[in-house]
Every structure is written in C-alpha cells, then in structure tokens.
4 protein chains.
Amino acid sequence: MNVRIGIAGLGRLGRVHAQNLLSSVPDCSLIAACSVIEEELQFARDILRITYTFSNYEDMIRSDLIDAVFIITPSGFHCEHINLAFKYGKHVFCEKPIGLDVHEIKQTQQIIQSNQELVFMLGFMRRYDESYRYAKSIVDRGEIGDITLLRCYGIDPTSGLESFIAFAKHNFSGGLFIDMAIHDIDLVRWFTGHEISQVWAIGKNSLYPELDALRELETGAVMMQLDNNTIALIVAGRNAAHGYHIETEIIGTKGMIRVAQTPDKNLVTIMNAHGVIRPCSQHFSERFRDAFIEEAREFIRCIQEKRSPQVTAQDGLQATVIALACQESYEGNHLVQIDYI
Amino acid sequence: MNVRIGIAGLGRLGRVHAQNLLSSVPDCSLIAACSVIEEELQFARDILRITYTFSNYEDMIRSDLIDAVFIITPSGFHCEHINLAFKYGKHVFCEKPIGLDVHEIKQTQQIIQSNQELVFMLGFMRRYDESYRYAKSIVDRGEIGDITLLRCYGIDPTSGLESFIAFAKHNFSGGLFIDMAIHDIDLVRWFTGHEISQVWAIGKNSLYPELDALRELETGAVMMQLDNNTIALIVAGRNAAHGYHIETEIIGTKGMIRVAQTPDKNLVTIMNAHGVIRPCSQHFSERFRDAFIEEAREFIRCIQEKRSPQVTAQDGLQATVIALACQESYEGNHLVQIDYI
Amino acid sequence: MNVRIGIAGLGRLGRVHAQNLLSSVPDCSLIAACSVIEEELQFARDILRITYTFSNYEDMIRSDLIDAVFIITPSGFHCEHINLAFKYGKHVFCEKPIGLDVHEIKQTQQIIQSNQELVFMLGFMRRYDESYRYAKSIVDRGEIGDITLLRCYGIDPTSGLESFIAFAKHNFSGGLFIDMAIHDIDLVRWFTGHEISQVWAIGKNSLYPELDALRELETGAVMMQLDNNTIALIVAGRNAAHGYHIETEIIGTKGMIRVAQTPDKNLVTIMNAHGVIRPCSQHFSERFRDAFIEEAREFIRCIQEKRSPQVTAQDGLQATVIALACQESYEGNHLVQIDYI
Amino acid sequence: MNVRIGIAGLGRLGRVHAQNLLSSVPDCSLIAACSVIEEELQFARDILRITYTFSNYEDMIRSDLIDAVFIITPSGFHCEHINLAFKYGKHVFCEKPIGLDVHEIKQTQQIIQSNQELVFMLGFMRRYDESYRYAKSIVDRGEIGDITLLRCYGIDPTSGLESFIAFAKHNFSGGLFIDMAIHDIDLVRWFTGHEISQVWAIGKNSLYPELDALRELETGAVMMQLDNNTIALIVAGRNAAHGYHIETEIIGTKGMIRVAQTPDKNLVTIMNAHGVIRPCSQHFSERFRDAFIEEAREFIRCIQEKRSPQVTAQDGLQATVIALACQESYEGNHLVQIDYI
C-alpha cells in the first residue's frame, strides 16, 4: 500500500521532512503541500515537484488526495491541525511540541484516543536515532544496572544566536525550556520509564542581559528529581561555539553511557597547529539526518501494519507540562512540584 | 526520467545494492534481477518484490525492460558482463574490481571509451563516503599542504576468518591485495593524484600457517613509492578482533588527517569494568551504508544529467595492475617496479 | 635552606605524602612522624626510615627537630592540630577539609591570620594538577569568555563501595558532600572567582537503600546558583564501575573546556572483542600523583621564599560552609541559601 | 648508599637529566659536571649549584669524587667516554645511540661485558615510560596474541624544522634513521623479542628539496621484515604541525594496542570554533618527563642492588646496525638484508 501524504509547513524543518519523504522513505508519495507563505508553495512546486499545493490547511486536509499529513506548522497551531486531520480521517505525523497549552493538548489527546484506527505520531526523532536506540537497548538489557542519574545537554550553535536575539525582541519563544529542552525531557522519561516530581531551573544571560526581561535565556539548567529519586540534569543553551551540542549521559549502578560525548561531525580527525581536532555537527538536520528518515519510515510502517508508534500523545503532554514547570521555576527561582492529575 | 534497473548477482553485497535502490535512491526502479542461484531469484521475487527475474545474464541485459545494470557478479565475470551490457546499450554500475586479468580489462576499457553516451561507474564506494569526501575536500583546499605519506588500513573482522579459511582451501581469492587492498590502492591514487612506481609487499600467517602454501595471507603490508616520492603504507588483513577496521591517514607538510582513526560504530561511549569503550563497526555494509546509497544516487544522476562519474575504467585498471604487483612482490619477496604502458 | 618536616598521620594518604617528600621534593627532609597507630610508626621507621617517631602529636610539634608539619590526621582533629602547630611556630600543610565545624574553623582562621610569618597551605591538590592548571590558564586568558556553567563530577570507583558501606554502618562520614564534593566546591570557587548563593542537593541510594537512614548517599547531585547567576552542577558518587571519575567542565560564552572527560589511565588504547578501550585511573593517588608532588614542592618554595600559597584558610572555610549547606538541602529536600557573614 | 654522580654534557637533554637527578631521584647526589662549553659549566654552578665542574672529561671521570657518570655528550664521543668511565671504575648511564660506528661499538661492548661489576645502562627511555610499560605488560601476558605487525611513528614538531635545516647545511646528523628512528627500532626489538632481517627505506623532501643532496629527510618510512615474518612499519619525520608525535601500534592475532594514538598534552579537551580540540605534547622533554625520571631511578637502584638494567649494550649495537641499514637502503633505494655476525 502506498501512503499519500500532504505536508503542512515548509520552513526549514518542513523541507527536511519533505525531502526525506521524496528520496528515502519507501511506500509513500508526498503529493500535497500547504503553507500560508507563497514562497514555500513555490518551492514545493518548483523544487520538490509536488503536484497539489494549498494555501489553506483545511482545504488540503479534507481532500481525498491524501491519506496522511505531516504537520510542521508553528507550535501554537499543532492541536488545531491535529484535530482537523482526525476530523477528516487522516493519519497524523506532528512535529514537537504537541502544543503550548496544557488544556488544549488534553482535548486533542482525547480526540486521538477515540480514533485508534488512525495513526498518530509525535516527532521526538531522537528516539529513532541509531545512537540513542543503541544506548536504549543497552539500558533495557540491564547492562548498566539501575539508572541513578541522567545528564542531557541541548545547546544550539552560536551561529544561530544573533537571529534568535532579533526574533526574541518581538516574539516569545515560550522560553528556553519548551523551545529547546523538550527533547531532553522526553529522553529522561523514555530512558527511565519514570515521571518527574520536582524541578529547579536557573539560567544566565551573559552576552545579552536584556533577555532577562524577555523571560528568555542564553543558557539554562534544570535539576529534576524523579518519582523514584533518580536525578536528571538538563542543560539547554543557544551558544555553543563549536556546533550543535546534543549529549546525553545515563549513569547506572553498573556503568555509564554517553551518547555523543562530543558532537563529532563525521569520522575525520585533523591534526594541525591547533592540536588534534574533531570537526563538529553544526545543525539538527545534520546530526539527526538519519533519525528524521527513520521516524518517517516508522510512521509509514505503522500505517501499513495498523499499529501505534511508541511516541504517544501522552508523551507530548507530559513533556509540555514539565517544560512549563521549568519555565515557572526559572521565573520564580524556586522549586516547582509537578502536579499530575 | 525514471531509470529502470536490472541487477546481476544477489549475494551479500548484491542485496545491499538492491535494497538501497528500492528504498533510498530516487528516480529509479529496480525491476529486474538475474542470478544463477535459484534461491537468490526467489529472494528477489518474494522479499524484494522484483517483477522480472532471469537465470541468464544475457537474457536480462538484451531485454528492453531496463536502462541500466548493476553488476555484482563474481569478479572473474565483470569484464564479460560489462562488455555485454555495452553491446546492448545499457548504462553500467560495476562492483570492484573491474576484472582480474589486465589484458581483458584493457579490452573492456576500450569498449567503455568508445561508448561515451553510456554511463560506466565502478564501485569504489569509499569515494562517496561522507568522511572520505570531507577529508578529500580538506586536502584539495591545500589545508594540509603537500602530501608526503598515506597510510591505509583495511582489516576485516575476525568473525569472518573461519569462513575465509574454509573458502581458501578450495578457491584462490586472487590474494590479499586484489581481494582486500584494492580499495586502499584506489584511495592512494585518488588522494594524491599520482601513480605508484614501486612496491614491496610482505605478510605473515600466524593462526593458519597453511595459508603460506595457498598464496593467501592473514595480514599483509605494502610499502609503496609514488612517482613524486610520496610514500604509501597499506596494511590489509582478515583478523581484527574489534571489528571492521578501515582507517586512512594522510600526512601533509601542514597537517595530518585521519579518517576513522578507530572504527566507531556510532556516537555511543560506554564506561564499565572494562574501561571507557567505543563500540565498533562490524561489517562493510554497516560502515559504508550511506556511501553505497550515495554512489547509487550519483550513478542515477550521471545518467539523468548525461555526465561521467569520477571513477573511471582507468581507475579500475590501475588499481588491478598495482594489486597484482603487490601479490607478485609478496610471492617473490622482492621490490616490484610497476610497468605502465 | 632545607626544611625539616614532621608528618602527622600515616594512613593511605599520609603515606602518599611521605613518599613524595622522600623521593620527589627537593630542599626538604622528612625526619619525624607521629601517629596513634603503632603499625604506622613501624612503617615510618622500617620502610620510610624516618628517624624520629612520636605517638603524641604535641610531643612532635613542640620539638625543635622540625620546621614544618604535614597534617594528615582525621578531619575532626585538623583545627586542633593546626592551632598547636601555630602555637609552636611551625609551618603547616593540612589535608582538606580544614575542619568539620564552622565555628572552630573560624577560630583557627584567626590564628592563621595573626601569624603571617608562618606558611599555611590547605591540600586542595587539584589546583596543582597539570591539566587543571592548563584549564585555569585558558580561562584566565579569557579564551572561553565569561563562564556560564560548571559541571564537576567526583565519583569514586565501585571497588571501594563495599568498604564504605561497612564503615558507614558505624560512622558518619559527614555526608557525601563534605566527604567527596568539597574538592569540586573548591574548583567552582577557584575557576569562577565567585561565591555560591543557593543550592539544591538530591541523591539516590539504589544498591544500599539502608543508607537513606544513615544520611549517606551512593550518588548525589547539587545544582548551585552563584552570586553572578553562574550555574554549577556537581555530581558526587561512590560507584563508578570504570574507575576514579573526576571530570570538570567549564562552559563559557566563547568555548567549553573539559578536564578529564574520561578518566584515562595513560596513553594506551586497546582494541579487542569489547571494542576500542581506554583503560581508566583507579585511585586518587594514581590520578593526582603529580599534583600531590607539585603541591608539596610549592609548600616548600613558599617557606623558602616567604610567600603565601594561593589556597587560603578562607578557601577551606567557604568550601566547608557550602558542603554543609548541601547536606542540609539534601536532608530537607529544599533550596538552601548560603548565609555568609 | 648514596650514589655520587657526574654528568658529561649539559645541553638540552643534559639539563633534563641533571634537573631530574637533583629533584626527583632519591639516593643520589649530582655533584660534578663537565663540558667543553663554558656557558654550560656556569649553568651547572649558578643554577644547578653543582660543586665540581670540569672542562675535561677525563679529569672528572678519573677523580674519586664520583661513583657514576651520565654521558650526554655528542653521539660520536659516546664509545670513548664509556671506555674511559670503565677504565676508572665508574658506573655508566649513556644516552642513545651507543655510538655511530659498528666496529667501535663492538669494542666498547666487550669492555662493558668484561666489567660485570659495573652497571651500564643505555638511555632508551621509552622502555621506562608508563604507557609503554603498560602496553608491554599486555603483550607479555599474551592478551593480544602473537604479534603480526608493529607501526612506530616518531615525528618531531615543525617548530624545530628550521633549526634542523640550518644545522643540516653544515653537519650530517647521521641521517633520519639513526638520528630519529633508533628509538622505534629499539621498540620493535623490545616488543617482539625478534631480530630484523630485511628493510626498505624511502623518503620525501617536500619543503626543502635541497636535503636530498645532503642525505637528510623531512619524512621517511621503513618497512621491515623480522626473522619470524613479523612486519614493522616505521615513519620518522621532522615536520608534525601539531606537535611531538610519538605513536606505537602493536597488532596481534587477538587484539591491537596503540600507545599515544594522538600526542595528548594532558587531560584537557577544548571545544571552540575550530571544533573539539585535544592540545598536543610539543617536545620530548614534555612527553617523556616521567620516563627520564624512571630510567634514572632504575639506574640508581641497579647500582644499589648490584643488578643489570634491561637495556644492554647489545640493544644499542643492534639498533645502530639496523638504523645504518635503513640509511643504506634509502640512499640506494633497494632492499637491504641485515647481516648479523
């Protein structure tokens, strides 16, 4: 069975998904695209050679042309776009976060749960990265014993800092934790299988102190206590001089694992007057190139095999709840207990 | 334009190519397969769902069903299969080596050269590996200065040694240098742009001394002098306890580069009672997974854009000439001058 | 001038100091030793060939035989032994911590300050480790910009865990933070030049849950907010399967530094069926062998050149105050503000 | 027993030895120095505070002031200075090489052998380096099986190249192999316990082609066949942009070992705009600081315990014979069989 796909949103990340669907995901056809930006539609037609383009999401989603949708729209629209897709009986792949408002997410979660025949998948692509899967399998086989501590770094390269500052002067990203740390929050829950009870988040603005007033951060950190006393440390930032630094450490009673201890770009080592050098990944699309492909392949397989992906709406909800608690903790500079109902 | 492809040979490497063509190479269709082994054809039909299967190469190659062929047959048939493909006007992708007999290769080379409208590409896939390309671009930009020395390791994992020994008792692989070192010989020529003048090859059989009489080697080494005095050291072997060790070093007057100094499997580091551990690649299909995809994509693009791949029949010829000289040097234990006419 | 030294305490660490003084520190003579354990005195006479041995500290310290003392006695005696040394006009090298009681430390600090002609040095040996000094010089030259975050790991090898458990059943170590994290607390203050304002400490006992009731921890973590908003993360533990894991990271606005990202034992890499392996340091006396020598040499030079070491009694006081705050935070599971008066 | 030492030669390496003897080697006193360079004697008196200085070697060696001598004079004088020391009954530590002329070395070897009551030790300090010893112990325990191949790199940093060129215009160093590769030749013999049968040496002068005529090399390589077919590859050079690159690899049937795969200066990793960087050792005195101390300590212990060091005059002789064969092979560009009689 060939799955016919429409994509909503063709910004930077949307284009990554679109190109993967066209070149590296078997058994599907990307035949429709929608965007409110005319230039993106032009890109869809001219470069990607996508047949059907729409400037209105509902026009695309209600058509019979497609079986499934990739939602890569701004986070604030995710819930609405998921709801519509379910209304018209389409399978949904949605980029993280599932939403920005907890109440709205819960409503969407209910819609998802009452349509089990449709596949819903959330884009926590790290779970499909080869190195993370390898680490997870080591943990699951018990080779490092009981997990006592996780450390997750997610630091964007300095090259993007200026444009973030320009953006932040006029927009609120939701804060560092929902904007950046949400992948790491998901990793903590995925690796441990436990929930987070309590958080303390702090941060420092050094180059751009004006960010303080905007509730934004160059560098932030959270310490988390899980419901079984496991410790989690998250560092999120927007200013890694060397590149796109995504590193995860899992400490267990029998051993430790590090995923991407350094953000190696490839297998090349250079020795010159600066020393022994490993070049670094510079972008999420470089580091997670294969993970984006794998998650899209898994989405198609789930549709074909009528099964559910491992990432659920609940995972999206919990990660958002925790990220919001981190922001609250940072703004108030106090411990925040996570209230699960 | 969609390129219709037939594949000849569906052994271990043939299946890698077939699966890549089906899942990761746009603008082509793998629609035909041929093999003298019925089980391989069954695999083609049942698992790969390839429509047309042939037990005779010429039947496939002369049909109008296909535009191009992937030749993954035993090395001794390569020239014959290339010749036939050109006779029937098909583009050719051929696995290394181009052949085992210098005279026969030269004839095939002439056929290739007199059919410039057809694309011919040889499977030196390392040239399409991301890390090798990155290294090559550093060299080409002059960042390490003039190349003075190359060191190339190509060592198969111990896991395959027993089956090689069983094979070697009844077959001659052509010797370690043509069987294993040919990729490294190509790298030496590719990185330097120079030809090899003189070689001395030696080797040691330690676990299986009976290999001496069979002209085979567990571990061998060649020192090469290039026409501009550049030095090349090649180590080939069949017994790396840790995995598939393919490492290349380029020493220049301004710096050194190492490609895959250690054969890291992924980005995971494990710390346990054994120490700090990096797991290793175990197989060529793991290490060069993306390189095989890239070379196939390049082959299709060359057909579409009517241009020639960078790997030529001449590259295949030279690598074979040099590998044979290494074997001669090893067997006679003396220096061998390479005779280019 | 040759400095005549007496050493108080010849346990594991005392012997390290004694042997260094005898073999690797010029311009001094270790001529006296004192201990309440007869076996230690025997070791001093028979193995170290130290001339004068004492079973009473005051007997040694008031004698005219020595110019200076190395105090390696149990932490609870440090202040008393320092006070006596100053009373009798001896230079003092004292192991960390300076003491366990803040009030007592402050009294000792006053005695030290009113005897400026005598050298007092505290054993924060990491400050004399070559790698830490190299990192510090990079930071001080501004090469990584303004420090935003520090991460300090201090994890003892699993090999010592059983004996700690046996010890903990009958003694209180003071808790994980004063026992283990005090070196890391000093590093945070040393690298940043700032004071710690607020801490939250948590921990997990997984193998030995009975430690909960004993106020001890297998693994603990502290997040610290400094007075300029710099973030510090400290992980302390007693259960590193791979060895003695002391790692320090300094993140700045222009770059990051890691000291001992992995606890490499030496320059050897092994490749075998387990993968690519770096063996690990197993003990503080292995990892900091040269640092212990360097600090002793510096102590002698300070006496000779009549100058003060960079590690002051104030450094010892502050580190203790903060470690106690961490323990309080852990026990109460709440944020603790550090109260400096 | 305290060993009274005189040192002959206080150049760069002589000063390393002198300072070690003064600060880090117990049970000895460096009390005499001799040099034909007045400035060196002044350094001995003023900086090292050595009591007795001599401008004539024989004056020092025949005096009753000393029990042993450190010979750090130019290589061409080593044999003569050893002979004299033995004549006057002094223990001898001599820097490598033992000499430059095979006949002369053999005569000295006889003198050494007929004075077994005197300790003779040759300065192959790598054998006393912690990492090399660790590697040797792994090999000796059989953990990597039978050795099939060794690879030894010895490349001086670029920083010294200019001064070598200036030197080479007026002096002959003996050639790259005796000047640089002799340590690596010793390592090959030490690790394998076998002798070298045949060598081919080549080289390339790229920055300074005028070196061709001077029989000198910027970069050279030797391939060696040992008497049990073990393979050895040696790369020697004078132009490593990143630092002092001394690397040794031992490949066995069960595993591989690398000593100093990269010439890490310390345990610091830096991440900045250049990538992930490990700083490098820049000089032999930095890389082998502890090895020089260890060999001196071993020399003193051998005198005290009346036993022989593991490095013998025979080791010195063989290494010289092989280095000369390498130079001959390079100059004639042919295989050279080593003739042992």
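One line per residue, one yes/no per condition, for (1) β-branched (Val, Ile, Thr); (2) buried (at least 21 other Cβ atoms within 10 Å of the Cβ); (3) over 17 Å from the mean Cα position of the chain (by Cα); (4) within 19 Å of C:VAL188 (Cβ to Cβ):
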| residue | (1), (2), (3), (4) |
| --- | --- |
| C:SER281 | no, yes, yes, no |
| C:ARG301 | no, no, yes, no |
| C:GLN314 | no, no, no, yes |
| C:TYR330 | no, yes, yes, yes |
field: C:ILE7 being closer than 19 Å to C:SER75 by Cβ, part of a strand (DSSP E or B) and at pLDDT 95 or above
entry: yes
message: Within the stretch C:280-293, does at least one residue satisfy the condition of being in contact with a His (Cβ under 6 Å, 6 or more places away or on another chain) and at pLDDT 95 or above?
response: yes
- prompt: Residues of the stretch D:145-191 being under 19 Å from D:GLU95 (Cα atoms) and of a type in the set (D, E, K, R), which ones?
  reply: D:ASP156, D:ASP179, D:ASP184, D:ASP186, D:ARG189
query: Can you tell me which of B:THR248, B:THR320, B:THR230 is surrounded by 20 or more Cβ atoms within 10 Å (Cβ to Cβ), within 14 Å of chain A (Cβ to nearest Cβ) and hydroxyl-bearing (Ser, Thr, Tyr)?
result: B:THR248
message: For the stretch C:179-203, give me the residue count where each residue is modelled with pLDDT of 95 or more and within 20 Å of C:ILE246 (Cβ to Cβ).
response: 15
field: Members of the stretch C:91-131 found to be in contact with a Lys or Arg (Cβ under 9 Å, 6 or more places away or on another chain) and within 21 Å of C:ALA313 (Cβ to Cβ), listed by number
entry: C:ILE111, C:GLU117, C:LEU118, C:VAL119, C:LEU122, C:GLY123, C:PHE124, C:MET125, C:ARG127, C:TYR128
message: Can you tell me how many residues within the stretch A:295-317 are without any contact (Cβ under 8 Å) to a residue 60 or more places away in the chain and touching a Ser or Thr at 6+ places or on another chain (Cβ under 8 Å)?
response: 0
Subset of the stretch D:253-268 [more than 7 Å from every other protein chain (Cβ to nearest Cβ) and surrounded by 24 or more Cβ atoms within 10 Å (Cβ to Cβ)]: D:PRO263
query: What helices (runs of 4 or more DSSP H) completely inside the stretch A:11-85 contain at least 2 residues that are within 14 Å of another protein chain (Cβ to nearest Cβ) and either more than 27 Å from A:GLN116 (Cβ to Cβ) or of a type in the set (Lys, Arg) (or both)?
result: A:12-23
- line: Scanning the stretch D:269-309 for residues that are within 30 Å of D:THR148 (Cα to Cα) and within 7 Å of another protein chain (Cβ to nearest Cβ) gives D:CYS280
query: Does the stretch A:95-108 contain any residue that is without any contact (Cβ under 8 Å) to a residue 12 or more places away in the chain, touching a helix residue (DSSP H, G or I) at 6+ places or on another chain (Cβ under 9 Å) and farther than 21 Å from A:VAL36 by Cα?
result: no
statement: Of A:LEU217, A:LEU187, the only residue that is farther than 25 Å from C:ASP227 by Cβ and not charged (D, E, K, R) is A:LEU187
- prompt: When residues of the stretch A:233-245 are filtered for being within 17 Å of C:LEU233 (Cα to Cα) and facing chain C (nearest Cβ under 7 Å), how many remain?
  reply: 2
field: Hits in the stretch C:162-192 (condition: within 19 Å of the chain's Cα centre (by Cα) and farther than 15 Å from C:LEU317 by Cα)
entry: C:PHE164, C:PHE172, C:SER173, C:GLY174, C:GLY175, C:LEU176, C:MET180, C:PHE191, C:THR192
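The values are calculated or read from the model by the stated rules, or taken from the named source; none is laboratory data. Being a predicted model, the structure only gives us computed values, none of them experimental. Note: ideal-geometry Cβ built from the backbone for every residue, glycine included; neighbour counts use all protein chains shown.
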